[in-house]
Structures are given as structure tokens and as C-alpha cells.
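Visitor: Would you mind keeping the following structure in view while I ask a few things?
The values are calculated or read from the model by the stated rules, or taken from the named source; none is laboratory data. Worth saying up front: this structure is predicted, and the values here are computed from it rather than measured. Here the Cβ positions follow ideal geometry from the backbone for every residue, glycine too, while neighbour counts run over all protein chains shown.
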Amino acid sequence: MIAHTKALPRITPDSAPFWSALRERKLLLPHCLNCGEWHLPPGPVCPACFSDQLEWREASGRGRVSTWTVVHKAWFPAFAADVPYNVVQVELEEGPRLTASVVGLPNHRLAVGLAVCIDYEEVRAGMTLPRFRPMADGEHG
């Protein structure tokens, strides 16, 4: 257990910079200036070292699939028309692990270690969501 000399601030995620950047097709994520760790969810302190010295940096948007699953209708009944769909966790080249759906790839081609890059899908006016798609041979972002 870690002893703290001051009370920790209440962690209340503030993801406004993330969503604002997505509209501009950029991937901004919180980075700790004290320990150098990227982290999600965003909040007022770094979950690794509890520092409040944070800044939003542009992450690479490229990485490799670390895990994947198929989302089923029973999990999200409100989105029944869109399921099943694939969700991957990606270890970004520069940035934290990020979870998003993957597009342009059938289930039988999904694999741990698959190289992917971020894609941005405008789902309605003013709202863009991150997706991953397989990287083409020789693609470097």
C-alpha cells in the first residue's frame, strides 16, 4: 500500500479533448509528464504515479492487436442493429492500450499481433468515433 501525504483529488474523467480531437481526425490521449506513462481513462491525476502534471499528446494511431472479441446482441441491446461486431484492444506504438471496433476485416482474419491503424468514422454530424482497420503492406500511417 502506498502512503500519501496529501489527499488525492477525486478522479472524474474529463474526455472533452479526446472527443474534440476525434472530430478533427486526431488521436489525443493523456500523457504524464512525471512518469512518462500514457493512460486511459483521462482524469485529473495519473493512475500510475498520482501526479497532476498531465498533458494531452497526439498518439501514433498505429499498433498491434493484443486481444479481440465479438460483441453480441445480448451485451448491448440498444445497438442490436449493429451487432455482432468486432472489438479489438490495440497496443499503440506510441500511446496506451486503446479499445475500439475493427473494420474491413472478417472474423477469420482477426489475430493477436495483427498490425492496425486508426480510422475515423463520422457516425453523425459532429460525432466521430475511432475505429481500427488493418494496415496495408508497406503502410506507415
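Visitor: Tell me which residues, restricted to the stretch 33-49, are at pLDDT 90 or above and touching a His at 6+ places or on another chain (Cβ under 7 Å). Outline the logic, then answer.
Guide: Step one: list which residues in the stretch 33-49 are at pLDDT 90 or above, which gives 33-38, 49.
38 - this is the single residue of the stretch 33-49 that is at pLDDT 90 or above and touching a His at 6+ places or on another chain (Cβ under 7 Å).
Visitor: Any residue at all in the stretch 51-72 that's touching a Lys or Arg at 6+ places or on another chain (Cβ under 8 Å), assigned to a strand (DSSP E or B) and at pLDDT 80 or above?
Guide: Of all residues in the stretch 51-72, those touching a Lys or Arg at 6+ places or on another chain (Cβ under 8 Å) come to 58, 66.
From what's left, assigned to a strand (DSSP E or B): 58, 66.
Filter once more, keeping what is at pLDDT 80 or above: 58, 66.
Taking every residue of the stretch 51-72 in turn, at least one turns out to be touching a Lys or Arg at 6+ places or on another chain (Cβ under 8 Å), assigned to a strand (DSSP E or B) and at pLDDT 80 or above.
Visitor: When only residues in the stretch 1-31 that are at pLDDT 80 or above and either touching a His at 6+ places or on another chain (Cβ under 7 Å) or among the basic types (Lys, Arg) (or both) count, which is farthest from residue 118 (Cα to Cα)? If you could, list the steps in order and put the result at the bottom.
Guide: Keep residues of the stretch 1-31 that are at pLDDT 80 or above, which gives 16-31.
Adding the requirement that they be either touching a His at 6+ places or on another chain (Cβ under 7 Å) or among the basic types (Lys, Arg) (or both) leaves 23, 25-26, 30.
Values: 23: 13, 25: 9, 26: 9, 30: 17 Å.
Here the residue is 30.
Visitor: Does the stretch 116-129 contain at least one residue that is of a type in the set (A, V, I, L, M, F, W, C), outside the structural domain of residue 42 (by TED's automatic domain parsing), modelled with pLDDT under 90 and assigned to a helix (DSSP H, G or I)? Talk me through it step by step, then tell me what you get.
Guide: Of the residues in the stretch 116-129, the ones of a type in the set (A, V, I, L, M, F, W, C) are 116-118, 123, 125, 127, 129.
Now drop any that are not outside the structural domain of residue 42 (by TED's automatic domain parsing), which leaves 116-118, 123, 125, 127, 129.
Add one more test, that the residue is modelled with pLDDT under 90, and what stays is 123, 125, 127, 129.
Filter once more, keeping what is assigned to a helix (DSSP H, G or I): none.
Within the stretch 116-129 (the criterion being of a type in the set (A, V, I, L, M, F, W, C), outside the structural domain of residue 42 (by TED's automatic domain parsing), modelled with pLDDT under 90 and assigned to a helix (DSSP H, G or I)), the answer is no, since none of the residues qualifies.
Visitor: Additional query: Keeping to the stretch 88-115, report how many residues are surrounded by 13 or more Cβ atoms within 10 Å (Cβ to Cβ) and either part of a loop (DSSP other than H, G, I, E, B) or modelled with pLDDT under 85 (or both). Explain how you work it out, then say what you get.
Guide: To start, the set of residues in the stretch 88-115 that are surrounded by 13 or more Cβ atoms within 10 Å (Cβ to Cβ) comprises 88-103, 105, 110, 114-115.
Then drop every residue that is not either part of a loop (DSSP other than H, G, I, E, B) or modelled with pLDDT under 85 (or both), which leaves 93-96, 103, 105, 110, 114.
Residues that pass the stated criteria total 8.
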